[in-house]
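Okay, so here's the structure we're looking at.
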There are 2 protein chains.
Amino acid sequence: MILCKTVAELRAELAIARNEGRTIGLVPTMGALHEGHASLIRAANMENDLVVVSVFVNPTQFGPNEDLDSYPRTLEADCLIAEREGADIVFAPTAKEMYPSEDMTWVEVTGGITNVLCGRSRPTHFRGVTTVVSKLFNLAQPDRAYFGQKDAQQVQVLAKMVKDLFFNLQLRIMPIVREADGLAKSSRNTYLSPEERRAALILSRSLKEAEKLFAAGERDGKKLAEFTEELIKTEPMADIDYVEIYRMPDLSECSGPLEGAGLLAVAVRFGKTRLIDNLVLEVK
Amino acid sequence: MILCKTVAELRAELAIARNEGRTIGLVPTMGALHEGHASLIRAANMENDLVVVSVFVNPTQFGPNEDLDSYPRTLEADCLIAEREGADIVFAPTAKEMYPSEDMTWVEVTGGITNVLCGRSRPTHFRGVTTVVSKLFNLAQPDRAYFGQKDAQQVQVLAKMVKDLFFNLQLRIMPIVREADGLAKSSRNTYLSPEERRAALILSRSLKEAEKLFAAGERDGKKLAEFTEELIKTEPMADIDYVEIYRMPDLSECSGPLEGAGLLAVAVRFGKTRLIDNLVLEVK
């Protein structure tokens, strides 16, 4: 496996692969790789000739009072995991390398899809995501790019960006990977105290109950969201940011009975740590 | 030569070419092709295996009171010119095809480079340009893309976009093509009455005089711009939008003596028609 730290190195490696007609799978990450990322790399490895894992804590997707400085940076361990799961290249650039100019060029998805859920509490977050992912797409020109359903809104925003800007690649969305007790894997889980870690189980448990209610025939989106919120509120340490349901894929308002697919998404703080989780409800 | 009207048709054609390892040259235009465009197509034909000419009057780069509706649309003639100059594909999509969603995904270069000159009088213009050109770049994934120096600021904005977003292609900037009497070729020249057409010669003549003054040793940017403005003002039909000089390539303020390269750019209305022209002054 090769570690590329500059754009020039990555370009040189990929030019060779492209000339040989090899297919390229890209797994964009912020590092602190866990089993969720591993599942993306494995999928990329199965479906492509060459796998690039980017490890870059992207400053533009953090708000001014968020955890940019404390976000875990574990490049050595990340490289071991990436190699173990079949990556050919780890691309770990500096911020200066990814943002060479002071004046920015932004890629921004507008409309409801970026204004609801995390877009409301983190108003510049998705602009940072779409900008850095565009850069990575242009650098790697992958055949397939891999993201986790854990970041459900990010996935829908990126799908819209790919569609609107005609990126010539396939978005591959992989299922949420959970701990044995149900907590969705996240690099931010390492922030949790043992007590917060136990309390955070309320998210997956409540979503599981909502899924049962849906399976039993409940089709009222509002009721499903309220039911989930009430359950989360039974945990005193849970400080709710949102518990909401939207239509897929455009994340439009969900009034009346659910049709097609709905996204039931939650964001909740435990101490200083903000966790997200979600459930897709497909009406068959 | 093939005429593609949909994204799907273009993609299918280009997938074949790419699989065969052919290099691709892209010439983005708004149609109404003239000798300036022809020079771009010829250059693309010399440097690439396959040449795509896009013909699309891009609504998002027109302001609310601009000439979107009256902009000349001459697809049949454009196809003849494109074929004559060696194009393999003309891509002429509808607006709906290029902008499939109501909520937009924008690509926007920020900072001084987009705020001066045309960016000041046409505040949403360059956002429209960079968005549509990003779409065309992603669709065609060209090895080289061709633009005319006539649109000097556009060229610098696109160069910044390519650099910032890591588009994997070479921008090829071709010299201004002029009529025998000096008027820069433009699709908008067809709007001019015979009287306005004669008056418009003041642009190229004034720039030529400024070039002489520069050649004679004048290095004060402000003086060169003022000199040009005074000359243009001798033409009573000339309604000046701007006559300004900026440093290349970032279009920063040009105070003190010129160093490196400067862009002396003019935008002037003749009747309802707004024309632009420019001169690059290179200090050796």
Can you report the number of residues in segment A:198-221 which are free of Cβ contacts under 8 Å to residues at least 24 places away in the same chain and under 16 Å from A:V268 (Cα atoms)? 2
Can you find even one residue in segment A:183-194 that is without any contact (Cβ under 8 Å) to a residue 60 or more places away in the chain and within 14 Å of chain B (Cβ to nearest Cβ)? no
I need a count of the residues in segment B:269-284 that are in a strand (DSSP E or B) and either touching a helix residue (DSSP H, G or I) at 6+ places or on another chain (Cβ under 6 Å) or free of Cβ contacts under 8 Å to residues at least 24 places away in the same chain (or both). 7
Inspect segment A:16-32 for any residue being closer than 23 Å to A:E97 by Cα, open to solvent by 10 Å² or more (accessible area, probe 1.4 Å), out of contact with any Ser or Thr (no Cβ under 7 Å at 6 or more places or on another chain) and part of a helix (DSSP H, G or I) and give the result as yes or no. yes
Out of B:L201, B:L169, I need the residue that is assigned by TED's automatic domain parsing to the domain that holds B:Y71, hydrophobic (A, V, I, L, M, F, W, C) and surrounded by fewer than 19 Cβ atoms within 10 Å (Cβ to Cβ). Which one? B:L169
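One line per residue, one yes/no per condition, for (1) of a type in the set (S, T, N, Q); (2) more than 17 Å from the chain's Cα centre (by Cα); (3) at pLDDT below 95:
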{"site": "B:E83", "(1), (2), (3)": "no, yes, no"}
{"site": "B:T94", "(1), (2), (3)": "yes, yes, no"}
{"site": "B:W106", "(1), (2), (3)": "no, yes, no"}
{"site": "B:T130", "(1), (2), (3)": "yes, no, no"}
{"site": "B:A145", "(1), (2), (3)": "no, no, no"}
Quick one: which of A:A238, A:A225, A:A261, A:A184 is open to solvent by less than 40 Å² (accessible area, probe 1.4 Å) and touching a Phe, Trp or Tyr at 6+ places or on another chain (Cβ under 8 Å)? A:A238
Across segment A:222-256, the tally of residues that are in a loop (DSSP other than H, G, I, E, B), in contact with a Gly (Cβ under 7 Å, 6 or more places away or on another chain) and without any contact (Cβ under 8 Å) to a residue 40 or more places away in the chain stands at 1
Can you find a residue that is open to solvent by 20 Å² or more (accessible area, probe 1.4 Å), within 14 Å of chain A (Cβ to nearest Cβ), touching a helix residue (DSSP H, G or I) at 6+ places or on another chain (Cβ under 9 Å) and not hydrophobic (A, V, I, L, M, F, W, C) anywhere in segment B:55-64? yes
When the residues of segment B:33-56 are narrowed to those that are in contact (Cβ under 8 Å) with a residue 40 or more places away in the chain and in a strand (DSSP E or B), which ends up farthest from the chain's Cα centre (by Cα)? B:V52
Within segment A:72-104, residues within 14 Å of another protein chain (Cβ to nearest Cβ), in contact (Cβ under 8 Å) with a residue 12 or more places away in the chain and in contact with a Ser or Thr (Cβ under 8 Å, 6 or more places away or on another chain) come out as A:F91, A:P93, A:E97, A:Y99, A:M104
Conditions (1) of a type outside the set (F, W, Y); (2) within 30 Å of A:D164 (Cβ to Cβ); (3) within 18 Å of the chain's Cα centre (by Cα): number failed by A:E282: (3)
Please verify whether A:D69 is charged (D, E, K, R) and not in a loop (DSSP other than H, G, I, E, B), treating the condition exactly as stated. no
What are the residues in segment A:105-145 that are within 11 Å of chain B (Cβ to nearest Cβ), open to solvent by less than 30 Å² (accessible area, probe 1.4 Å) and not in a helix (DSSP H, G or I), if any? A:T105, A:V107, A:V109, A:G111
Kindly indicate whether any position in segment A:34-48 is out of contact with any Cys (no Cβ under 6 Å at 6 or more places or on another chain) and at positive phi. no
What residue, among those in segment B:4-15 that are in contact (Cβ under 8 Å) with a residue 24 or more places away in the chain and open to solvent by less than 70 Å² (accessible area, probe 1.4 Å), is nearest to the other protein chains (Cβ to nearest Cβ)? B:V7
Output the residue which, of all residues in segment B:208-222 that are of a type in the set (G, A, S) and loosely packed, with under 15 Cβ neighbours inside 10 Å, is farthest from B:G182 (Cα to Cα). B:G217
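The values are calculated or read from the model by the stated rules, or taken from the named source; none is laboratory data. These figures come from a predicted structure and were not determined experimentally. With ideal geometry, Cβ positions are generated from the backbone for all residues, glycine too; neighbour counts draw on all protein chains shown. To get the accessible areas, we keep the full protein, side chains included, count just its heavy atoms, and leave off ligands, DNA and RNA. Shrake-Rupley method; radii C 1.70, N 1.55, O 1.52, S 1.80 Å.
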